[in-house]
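The values are calculated or read from the model by the stated rules, or taken from the named source; none is laboratory data. Quick caveat: nothing in here was measured; it's all calculated off a predicted structure. Because the Cβ atoms are built from the backbone with ideal geometry, glycine has one as well, and the counts that use them run over all protein chains shown. Side chains are part of the model used for accessible areas, which takes the heavy atoms of the whole protein and leaves out ligands, DNA and RNA. Shrake-Rupley method; radii C 1.70, N 1.55, O 1.52, S 1.80 Å.
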Amino acid sequence: EELLRTLCDSLDQLKLSIDSIHLPPGDVGALLAALRYRLEPRLAAAGIEFEWAVDEVEPVEGLDALGMRQLQFLLFEAISNVLQHAQATVLRFEAGMQGKTVQLRVIDNGKGFDAVKHLPRSLAERSGAIGARLAVESRPGRTVVQLEFD
């Protein structure tokens, strides 16, 4: 089962990497749409309801092709953690503008974890590398991974 999950993750990452070649720099909305297209069937197969609350967002200046890939991997990791560990039945994507700030949120209704002790280091490293502020809140029934770009 773990081998199959790893293989599915690898195939999804490969497809997303190919998709990212065609994404305009800073176009977070297009990146989210590609993630939705590639991962919604996998979430459905896992019995996870997918909610989409994504408004139009401004392009993020300074988020070049490498930054877009880092963001893509960061979001994929958040989703993969939900699939592997959360035992969630709902995954929600939110995106919108708060003034001039682009805000992205990945929210699940899973079992939660201690976000202070067990914050995935790669999430913090990737968010720092792309100039995003990362906040993770978790408790049983609700985990939120939030990114903000100015």
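For the range 97-138, what are the per-bin percents of Cα-Cα distances with bins 5 Å wide, up to the bin holding the maximum?
5, 18, 25, 25, 16, 9, 2
Considering only protein heavy atoms and a 1.4 Å probe, what is the carbon-and-sulfur percentage of the accessible area of the chain?
Values: 4330 of 8360 Å².
Answer for the chain is 52 percent, counting heavy atoms of protein chains only.
Assuming a viscosity of 1.002 mPa s and a temperature of 20 °C, what translational diffusion coefficient in µm² per second does Stokes-Einstein assign to the range 65-136, Rh being the Kirkwood radius over Cα pairs?
On the way: Rh = 13.1 Å.
It comes out at roughly 164 µm²/s.
Using the C-alpha gyration tensor of the chain, what are the square roots of 5 times its eigenvalues, in whole angstrom, with the largest one first? Please list the in-between numbers first.
Details: eigenvalues 99, 67, 43 Å².
With the √(5λ) rule applied to the chain, the semi-axes are 22, 18, 15 Å.
Below 30 Å, Cα to Cα, which lysines can K15 reach? Residues fewer than 8 away in the same chain don't count.
Within reach: K111.
Scan the chain and report its longest stretch carrying no GluC sites (Glu not before Pro) that are both in a DSSP loop and have at most 14 other Cβ atoms within 10 Å.
Working: sites that count: E1, E56, E61.
Maximal segment without exposed cleavage sites: 62-150.
Starting at the first residue of the range 47-63, write each ³J(HN,Hα) from the Karplus equation 6.51 cos²θ - 1.76 cosθ + 1.60 with θ = phi - 60°, in whole Hz, x for Gly and Pro.
Those phi angles translate into x, 9, 6, 10, 10, 10, 10, 10, 8, 5, 10, 6, x, 8, 5, x, 8 Hz.
Only Cα pairs within less than 10 Å get springs; with that Gaussian network setup on the chain, which residue of D19, D27, D55 has the largest fluctuation?
Looking only at D19, D27, D55, the largest GNM fluctuation is found for D55.
Using the C-alpha gyration tensor of the range 16-98, what are the square roots of 5 times its eigenvalues, in whole angstrom, with the largest one first? Mind dumping the intermediate values first?
Values: eigenvalues 105, 40, 23 Å².
Computed over the range 16-98, the values are 23, 14, 11 Å.
Let me have the 222 nm mean residue ellipticity of the chain computed from DSSP H runs of 4+ only, each contributing -39500 (n - 2.57), with the sum over all residues rounded to the nearest 500. Walk me through the numbers before you get to the answer.
On the way: 4 runs with 63 residues, N = 150.
Computed ellipticity for the chain at 222 nm equals -14000 deg cm²/dmol.
Which whole-Hz ³J(HN,Hα) couplings does the range 133-147 yield from phi under the Karplus relation 6.51 cos²θ - 1.76 cosθ + 1.60, θ = phi - 60°, glycine and proline marked x?
With the stated coefficients, the range 133-147 comes to 8, 10, 9, 10, 10, 8, 7, x, x, 6, 10, 10, 10, 10, 10 Hz.
Keeping all protein chains in place, calculate the accessible area per residue for the chain (probe 1.4 angstrom), answer in Å².
Values: 8360 Å² over 150 residues.
Dividing the accessible area of the chain by its residue count gives 56 Å².
Can you divide the C-alpha Rg of the range 1-41 by 2.2 N^0.38 Å and report the result to two decimal places?
Working: Rg = 11.6 Å, N = 41, 2.2 N^0.38 = 9.0 Å.
My calculation over the Cα atoms of the range 1-41 gives 1.29.
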